[in-house]
Each structure stands twice: as C-alpha cells, then as structure tokens.
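For reference, the structure discussed in these notes is given below.
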Amino acid sequence: MPIPFSCPHCRAETLVDDHYANQTGDCAICGREITVPALPPAGATPTPRSDPTHQSPRRSLTMALVLSLAGLSAVAAAFGILVWVALPFVRSNQIRSYRLQSNQHLKQIALAMRNYHNDHGSYPPAYVTDSNGRPMHSWRVLLLPYLAEHATYAQYDLSKPWDEQTLELQSPLRIPSVYTSPADADSTTFGHTSFVVITGKRTMFPGPRSTRSAQITDGIAGTIMVVERHNSGIPWYQPLDLKSAQMQFQINGSGQEISSNHPGGAWLTTADGTTYFVRDNLSADFVQSLTTIAGGERVPLEELSDDLNTMR
C-alpha cells in the first residue's frame, strides 16, 4: 500500500512504495535526508494503484526534475538570445556614457583653468619647483580650490614634495573624480590621472613658467590646453605630464601620446574651453601645430569643428 509522504524540507508531496517504510534516504527533489514514515494503520483508505496515470514516486520525481530542467534550459536559452541581441545596444550606450562623462570632467578642468587665470593673471605652471629646481607640485594640485576640492587641498602640504605627502593623501581613493575617466580603470584603481597637459618650450606649459593668454599668439581657440591620457601611470598629484619632445603626435599611438580607451579617438580641450573628441586618423602635423602657442602655423580648425562629437 503506497504511503503518502511530504518532505519536511522542501514540502514536496508524493506517494512512496510501502517497502520503503521506516527507511532513510535522500529526497529526490531537494537532496536532503528524509525518513519515510511507517505504514498507515489498518482501516485507512489505501490509494488505488490501478490508476493508469500512476507512476512510482521515484519515476514521478525524476520526471518532474527532468521537466523542470527542460524548462530552465528553455528559459536560459531565451535569456541567452535576449542578451545576444541586447549586448551591442548596451555596449554602445556604455561607450557613449563613458565618453560623455570624460568630456564633462574635461570641461570642468578647462573652466578651472580659466578661473585660475582670472585670479592669477596666468594659467598654472605645469609644476612648481623648490629652490634647487626640483619639481614639487603638479598643476592638478594648484587647481584643487577651483574644482571644489577644498578639503583635499587643505590636506596637501605645499612645503613637502609630492612624494612625501601623507599616506592618506596618496591613497588611490583620494583622487578627485574630475581627474578620472570611467573608461580608464587605472584612474580609480591606482589613483592615476586620466588628464594631462603637454609640456615643452613652445607649449602652454613650459615647465615651471606660467603662460598668459596674451602670449598665445596662435589663438586660444587653436591651442591645446589639456588632453586625455589613459593608463598614464602618473599619480594625480605627481608633477609629470606629456613631454612634446618625446611625442609622435599620434592620437592613441604607442608611447607618450594623447590617448584613451574610447574607441576611435580621445578628448582634448583648447585654451578657449572648447572640448573635442579627436579622431585616431588626425594627422600628426595637425596635432603638433595645435600644441604650440606661437608657431605661426595655419591651424585648420574646421578639421575639428566638423566632427559631430565636438562639445562646446
């Protein structure tokens, strides 16, 4: 006579053949240990066994498990198809989001540069030196008060060089978010800056000397001020940037170049605060002409302004 049984763990109900009475084993559904109860007392109404649809408990549970797995497989397959169809759309949106966030950070930096110039009569130098000419502090530190980073600036000790600052300040977690790019994992993981200037005698940032806007005779609209450089390896407060003498002026080229993890190009801002997403195939001569402040070159800005990704 079959014994009605309900698993005390998963509550699965079934009928167990009477020869399993008082035996212990694993539930076919949840796998946990169970003990089949004793036979029902005499006089209890037995469950008919002539029902053609009746199956043994083991077979019933096995069939239920098979059907459940089949259902899960179908759901998984449908989900896989959905992901396969949606993934390019999601990826495209992520790329666009990362690019827009990087652009917003660059625009904040450009505005801070302009406000610094208004207060000091010049842009910040690429770095500040000590009496022996050793680089002490980066322009990124000098801009902190203009980026609403007053607490971080207050903790920075200007009497000490950059590599002798407190361990708390050196923590990757302390990098101001404006110096990061969401597409540049090194910026948030290691506290490396995603934005640098180009240094050199003919650039806006000739080392420890400051530049006034009036000195940019090539025009502030045609002179590079700040650029993207992902995977820079430069702690945000280190007085180090791109050196024009070591550049090939290739966008996303190898070595010291303007570069990003965005497909197709990288961001830069000119001294007038306009940001551009410049393409990988921009000519090296054109990029180099944008780095000088008084080179007298004809700078074909239409090559930038025609780009649909230009942000004003």
Quiz prompt | Accessible area of Glu168 in the full protein assembly, 1.4 Å probe (Å², nearest 10) | solution = 110 Å²
Practice problem: Please name which of His230, Trp162, Gln246 has its Cα lying farthest along the dipole of segment 160-279 towards the positive end, using unit charges on Cβ (Lys, Arg +1; Asp, Glu -1) and the Cα centre as origin. | Solution: Gln246
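What net charge do the residues around Gln101 carry, taking every other residue with its C-beta under 14 Å from that of Gln101, with Lys and Arg at +1 and Asp and Glu at -1? If you can, show how the numbers build up before the last one.
On the way: positive: Arg96, Arg99, Lys107; negative: Asp184, Glu228.
The answer is +1.
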Quiz item: Using a 1.4 Å probe, how large is the accessible area of Tyr127, given in Å² and rounded to the nearest 10?
Solution: 60 Å²
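If you roll a 1.4 Å probe over segment 178-271 with all protein chains in place, what percent of the accessible area is carbon or sulfur? List each step's numbers first, then the result.
On the way: 1580 of 3280 Å².
Here it works out to 48 percent.
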Exercise. Report the semi-axes of the equivalent ellipsoid for segment 98-201 in whole Å, largest first, where each axis is √(5λ) for an eigenvalue λ of the Cα gyration tensor.
Key: 21, 18, 13
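Given the convex hull over the Cα atoms of segment 206-269, what projected area results after averaging over all orientations, in nm²? Write out the running numbers ahead of the final one.
Working: hull surface 21.1 nm².
It is 5.3 nm².
Please find the FRET efficiency linking Arg279 to Ala221, where r is the Cβ-Cβ separation and R0 is fixed at 22 Å, and quote it to the nearest 0.05.
Numbers: r = 19 Å, r/R0 = 0.85.
The pair Arg279/Ala221 has a calculated efficiency of 0.70.
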Quiz item: Hey, what does the equivalent ellipsoid look like for segment 196-312, semi-axes from the Cα gyration tensor as sqrt of 5 times each eigenvalue, largest first, whole Å?
Solution: 19, 19, 13
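The values are calculated or read from the model by the stated rules, or taken from the named source; none is laboratory data. The structure presented is a predicted model; accordingly, all values stated were derived computationally and were not measured. Because the Cβ atoms are built from the backbone with ideal geometry, glycine has one as well, and the counts that use them run over all protein chains shown. SASA here: full protein model, heavy atoms, side chains in, ligands and nucleic acids out. Shrake-Rupley method; radii C 1.70, N 1.55, O 1.52, S 1.80 Å.
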